[in-house]
There are 2 protein chains.
Amino acid sequence: MAEGEDIGVDRAVRAARRVVEGLVRHGAEGGADLDVVAEELESIADRLEAGCPPLADRVRAMWDTERLEMTRHDPVTGPENALAPPLHVQGRSDREVSGEVTLGLAHQGPPGHAHGGVTALLLDHLLGMANHWAGTAGMTMKLTLRYRRRTPLFVPLTVRARQTSVEGRRITTTGEICDPDGEVCVSAEGLFAALDVSGTSREAAQRLAAD
Amino acid sequence: MAEGEDIGVDRAVRAARRVVEGLVRHGAEGGADLDVVAEELESIADRLEAGCPPLADRVRAMWDTERLEMTRHDPVTGPENALAPPLHVQGRSDREVSGEVTLGLAHQGPPGHAHGGVTALLLDHLLGMANHWAGTAGMTMKLTLRYRRRTPLFVPLTVRARQTSVEGRRITTTGEICDPDGEVCVSAEGLFAALDVSGTSREAAQRLAAD
C-alpha cells in the first residue's frame, strides 16, 4: 500500500489542497484579490468539467483495479481527491494498517482542534482498509466513536486499525487516532457484514455504468 | 440559521468546490491540460498563502461571533470552507435542525454511493448544531452510527437532528440522513458533555491566539 506514482492529476490535486486550506486561512480579510482568485478558479472548473469523461466511464475506471484497499479517488487517502488530507497508509506485518496525517485549519472543529466528524471520517476509512488488508472486507453496519481528548491540528497524527474478529459474516474492527505523544484522542469500533467486495465493487460499478 | 451573505471569499470557495469535484470527475484520463491546471492552482495557492493574516488573528476572527451554531469556516456548512459540500441547515420551531445536501463523486465510498465517513461527518456536525439550537451545547463523548442502506450520490439528501435529553451534564442527541424517498440511510446517536460553549470557544480561540 505504498503511495501511487504521480500520474498527471496528482500534482493538480496537491495544489487544490493548498487552495482549499489557503482559502480558509485567508478568509474575507486577507490580502489576496479574491475576485481574481474566484475568476481563475471558475475558469479552471469550466475546463475540468468540459474535459471530464462520461461519468459511467469514469466510475468504471475508478474501480478497475486489483487493489481495492487502495483506491486513488477516495476522500481520505486518494491522490486524485483534494478532499483527502491525505492520510498516508501502510499495511503492517502484524495485520494492522497504520497511517500518518496532519490536519489543517480546514479540518477545524473546536478552536485549534480537529472536527470530530473529520476524525470519524479518517477512522471509518482506515477500519475499512484494515478489513481489506486482513482479507475479509465488509459493509459497515455500525460504527462507534469515543472522543477521549481533543485532536490537535498542525501536528502529525497516527491513525491505526486492525481486524479483531470474524465470526461468520460478522467482522469486528477497531482503531484509534493518537497525537504525537502517543495519547489516544479518538478510538473507534466498527461492526461490518462480510462480503466479496472485489466482485461487489466491480459489479456495482458496471451496473452504475450501464444506467 | 439562514445562509450568510456573500462576503468576498464565498464565490472563490464555491469555485474551489467545483475544482475539487471536477478533478475527481476528470481523473488522469480526461481532456483538460492538467499541467496548466496544476500551474494555475499553484499560483493561486501562492497568492492566498502570501495574503493570509497571521494564524492567531484568523482563528480569533473565526470565533468572534455571537452565532456559534453557524460558523462560516467549518468543514460541513461553512461558506468559507471548500471541504464543506455544503450542508444548508435551518433551525425549526420544533427544536429540530434540518438540512439539505447533495453529495458528489468526491464523496464516494462504495461505487456510486456516499462514503460512510462522509455521512458520519455530516451527522456529527448536525448533532452539534442541534445542541446549540436547543440551547445546551456540549463536547462529543461518544457517537454511534448505524448504516441502514447505502446513501446515494447526486440526489438531494435530508439530514435532521434533535436534542432528545439533558440530564445533568449528559446530553443525548439523535439524527439521521434520508434519501429523496424519505428512507433512513444512516442514523446517529451522540452523547455529549454539556459546557458553556460560547465562553469556551472564545477563550480557547484567545488562548490559541496568545500562543
*Across the identical copies, how the A:ARG92 labels are spaced - nm, sorted shortest first, 7 Å along Cα→Cβ*: 4.5
*Please list, in chain and number order, the residues 5+ apart from B:GLY138 or on another chain whose amide H is under 5 Å from its amide H, with Hs placed from the backbone.*
B:LEU195
*Which shape class applies to chain A: rounded if a/c is under 1.5, otherwise prolate when a/b exceeds b/c and oblate if not, where a ≥ b ≥ c are the square roots of the Cα gyration tensor eigenvalues?*
oblate
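Below 10 angstrom from the Cβ of A:PRO156, what's the summed charge of the other residues (Lys, Arg +1; Asp, Glu -1)?
Details: positive: none; negative: A:GLU100, A:ASP179.
Taking every Cβ under 10 Å from that of A:PRO156, the sum is -2.
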*Could you list which residues have their amide H under 5 Å from that of B:ARG148, counting only those 5 or more apart in sequence or on another chain, with H placed in the peptide plane?*
B:VAL186, B:SER187
*asked:* Can you work out the Karplus-derived ³J(HN,Hα) for every residue in the stretch B:172-180? Use 6.51 cos²θ - 1.76 cosθ + 1.60 with θ = phi - 60°, whole Hz, and x for glycine or proline.
replied: 10, 9, 10, x, 7, 10, 10, 7, x
*For the stretch A:126-131, what does the Karplus curve 6.51 cos²θ - 1.76 cosθ + 1.60, with θ = phi - 60°, yield as ³J(HN,Hα) per residue in whole Hz, taken in order and with x for Gly and Pro?*
5, 4, x, 5, 4, 5
*asked:* 7 Å along Cα→Cβ for the label point: how many nanometres lie between B:ASP46 and each equivalent label in the other copies, listed shortest first?
replied: 2.4
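Hey, what did the stretch B:60-210 get for relative contact order, percent, Cα under 8 Å, at least 6 apart? Don't jump to the answer; show the numbers that get you there.
On the way: 318 pairs, mean separation 34.0, N = 151.
Contact order relative to length: 23 percent.
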_For B:GLY31, place a label point 7 Å from Cα along the Cα-to-Cβ direction in every copy; what are the distances to the other copies, in nm, shortest first?_
4.1
*Answer rounded, prolate or oblate for the stretch A:23-109, using the Cα gyration tensor with square roots of eigenvalues a ≥ b ≥ c: rounded when a/c is under 1.5, else prolate when a/b is larger than b/c, else oblate.*
oblate
*With a ≥ b ≥ c the root eigenvalues of the C-alpha gyration tensor of the protein assembly as shown, is it rounded (a/c under 1.5), prolate (a/b larger than b/c) or oblate?*
rounded
*Taking the alpha-carbon centroid of each part, what is the distance from the stretch B:59-135 to the stretch A:111-127 in angstrom?*
14
_Using θ = phi - 60° and Karplus 6.51 cos²θ - 1.76 cosθ + 1.60, couplings along the stretch A:75-84 (whole Hz; Gly, Pro as x)_ = x, 10, 10, x, x, 9, 10, 6, 6, 5
*Quick one: which residues, 5 or more positions from A:THR164 or on another chain, have an amide H under 5 Å from its amide H? H modelled 1.01 Å from N in the peptide plane, none for Pro or chain starts.*
A:THR172, A:THR173, A:THR174
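Coordinate-derived values only; no laboratory data. Every value quoted in this text rests on a predicted model; they were computed, and no experiment measured them. For neighbour counting, all protein chains shown are included, and Cβ atoms are generated from backbone atoms with ideal geometry for every residue, glycine included.
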